[in-house]
Amino acid sequence: MLIHVGHRISLRFPQPTAVILMLDLHPSVVDAGLRIDPLMLDPPVPNHSYVDLYGNVCRRLVAPEGRITIRQDAVVVDGGMADPQFPDARQHLVGDLPDDVLHFLLASRYCEVDSELKAIATRWFGHLIPGWSMVMAICNLVHRHVRFDYQMARANRTALETYREGRGVCRDFMHLAITWCRIMNIPARYCSGYLGDIGVPSKPPMDFSAWFEVYLGGAWHVFDARNNTPRIGRVLMTRGRDAADVALTTTFGDSLLEGFEVWTDQVAQT
């Protein structure tokens, strides 16, 4: 299966401003790309990229005063299968986890492991068999408890606030699920990227999406507490502890969003 993905984002700056962009495809996806156009800036602005602690491509630049448009377009190869399911994947003892996985058990900006969510997790999940079925139970509860609402999007909502308010967007679903997984000693990390409507009814408007991964049975596995069903065609851009690690744009000064467009479409093969 071929999937056409891309974005066009326009920002206006009142003065020259340092910016970090995380809008490139993840290096693991680039290897599967059929056609990946370079990320373009209009007007052209000198920039350079580096790879962060989590393996994401970050791009640095100083945006000039005025409007700048960021665009990328790509066609990537996908296996066409829904998220793999491994119901027998076992949970590791914390003492047996690899060193580079341990920090995905700790609290982070939006995932307050040491909060009232700990007592709630113990009550709801403490009696369950550790492993895949526990993560599924966490996703099921988050999916039932939180109402998806674009109008209620808020950039600083934490997992605890999501639980209290019972509403949010995809990142909020993932933060709550990640927090409960970590409380139950299951390493969990946040992911963002493209997810189209392949195999499901269309739900416009298109936007970037979030999901999460947990470490079970010696490997990382995809879960999605918002959709709560295996999906086809995830195209990864970034991974981190939570959304704070993978902000699409970080501006060290004021900016105004003037345009935002995302596309994710299956390409008909001839």
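The values are calculated or read from the model by the stated rules, or taken from the named source; none is laboratory data. All of these numbers come straight from a predicted model, not from anything done at the bench. As a convention, Cβ positions derive from the backbone with ideal geometry for all residues, glycine included, and neighbour counts pool all protein chains shown.
A compact table of results
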{"read-out": "Wholly enclosed strands (runs of 3 or more DSSP E) of the stretch 13-86 bearing at least 2 residues farther than 18 Å from Ser209 by Cα, free of Cβ contacts under 8 Å to residues at least 40 places away in the same chain and more than 20 Å from the chain's Cα centre (by Cα)", "value": "40-42, 47-51"}
{"read-out": "Any hit, the stretch 145-152, residues being buried (at least 18 other Cβ atoms within 10 Å of the Cβ), among the hydroxyl-bearing types (Ser, Thr, Tyr) and either farther than 30 Å from Val57 by Cβ or touching a residue at least 12 places away in the same chain (Cβ under 8 Å) (or both)", "value": "no"}
{"read-out": "Filtered residue count, the stretch 182-205, keeping only those that are farther than 13 Å from Asp224 by Cβ and not acidic (Asp, Glu)", "value": "16"}
{"read-out": "Subset of the stretch 251-262 (residues that are surrounded by 15 or more Cβ atoms within 10 Å (Cβ to Cβ) and either on the phi > 0 side of the Ramachandran plot or hydroxyl-bearing (Ser, Thr, Tyr) (or both))", "value": "Thr251, Ser255"}
{"read-out": "The listed residue being more than 29 Å from His4 (Cβ to Cβ) and assigned by TED's automatic domain parsing to the domain that holds Leu128, out of Tyr190, Tyr163", "value": "Tyr163"}
{"read-out": "Filtered residues of the stretch 160-174 (kept if buried (at least 21 other Cβ atoms within 10 Å of the Cβ), farther than 17 Å from Ser209 by Cα and either in contact (Cβ under 8 Å) with a residue 60 or more places away in the chain or not aromatic (Phe, Trp, Tyr) (or both))", "value": "Thr162"}
{"read-out": "Criterion (farther than 20 Å from Leu236 by Cβ and out of contact with any Pro (no Cβ under 9 Å at 6 or more places or on another chain)) met by exactly one of Leu195, Leu117, Leu105, Leu97", "value": "Leu117"}
{"read-out": "Selected residue (criterion: farthest from Gly196 (Cα to Cα)) from residues of the stretch 27-75 that are among the charged types (D, E, K, R) and surrounded by 15 or more Cβ atoms within 10 Å (Cβ to Cβ)", "value": "Arg67"}
{"read-out": "Meets criteria (in contact with a Ser or Thr (Cβ under 8 Å, 6 or more places away or on another chain) and either surrounded by 14 or more Cβ atoms within 10 Å (Cβ to Cβ) or aromatic (Phe, Trp, Tyr) (or both)) for Arg182", "value": "no"}
{"read-out": "Pair list, Cβ < 9 Å and 6+ apart or interchain, from the stretch 251-270 residues that are assigned to a loop (DSSP other than H, G, I, E, B) to residues that are among the small types (Gly, Ala, Ser)", "value": "Phe252/Ala18; Gly253/Ala18; Gly253/Ala63; Ser255/Ala63"}
{"read-out": "Conditions (1) in contact with a strand residue (DSSP E or B) (Cβ under 9 Å, 6 or more places away or on another chain); (2) assigned to a loop (DSSP other than H, G, I, E, B); number of the one not met by Glu161", "value": "(2)"}
